[in-house]
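Worksheet for the structure shown next.
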């Protein structure tokens, strides 16, 4: 994940050093904080099962982004991003139950479902980027890059070596 940060479907130039730098992680954190806020209120706070489940699902989004990033390979990161995406769907389903049970109003429901869908889209974009990237992850050594001059000089040396060997 060098030199890229994701915001929706646009790529911004800035170095991603750790998962906290990822915009999708920041958005997932924001969603989690909102979920905690609404589950502390009114009758929602008394439905311990649903309250616990929706909190866990929202925490799972953040946690899987973090864990996948820290694994150090694109393959594992992608796997964890898919899990985070699944947790976004779980949050949406639980928001629907919360709305149906009148724990949250329609405006809150729509805003949070929309936020979860956007995060899911951001995860999808990040997955697509990683699948197309030649960078394998921090666990792997990056292939050394040579300047055009270095490449040409090596080619000339090889040609001279071959000519002298004839």
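GNM on the chain, alpha-carbon springs under 10 angstrom: the most fluctuating residue among 46, 34, 146 is 146. Mean residue ellipticity, 222 nm, helices only, the chain: the sum of -39500 (n - 2.57) across DSSP H runs of n ≥ 4, divided by residue count and rounded to 500, is -24000 deg cm²/dmol. Available extension along the chain between residue 131 and residue 105 is 5.5 nm, counting 0.36 nm per residue and deducting the alpha carbon span. Reducing region 16-39 and region 95-118 to their Cα centroids gives an inter-centroid distance of 18 Å. GNM remark for the chain: springs join alpha carbons under 10 Å apart, and the peak mean-square fluctuation among 148, 122, 51 falls on 148.
Taking volume of the Cα convex hull per residue in Å³ as calculated from this structure, the corresponding entry among (i) 171; (ii) 134; (iii) 114 is (iii). Against the longest principal axis of the chain, how steep is helix 74-100, in degrees 0 to 90 to the nearest 10, with axes from Cα atoms? Between helix and principal axis, roughly 20 degrees. Taking every C-alpha pair closer than 8 Å and separated by at least 6 residues, the mean separation divided by the residue count of the chain gives a relative contact order of 23 percent.
Between the Cα long axis of helix 23-39 and the first principal axis of the chain there is an angle of about 10°, rounded to the nearest 10.
For a Förster distance of 35 Å, can you work out the FRET efficiency between the beta-carbons of residue 146 and residue 82, rounded to the nearest 0.05?
0.45
Remark: relative contact order (region 15-94) = 31 percent; criterion is Cα-Cα distance under 8 angstrom and separation of 6 or more residues. Over the chain, with a Gaussian network built from C-alpha contacts below 10 Å, which listed residue (36, 48, 129) shows the highest mean-square fluctuation? Highest fluctuation among the options: 48. In degrees between 0 and 90, to the nearest 10, how far off the longest principal axis of the chain does helix 148-165 point, with axes built from Cα atoms? So the inclination is approximately 40 degrees.
Values quoted throughout were computed directly from the atomic coordinates according to the rules given, and no laboratory measurement underlies them. Everything quoted here is computed from the prediction, not taken from an experiment. Cβ atoms come from the backbone with ideal geometry, glycine included; neighbour counts cover every protein chain shown.
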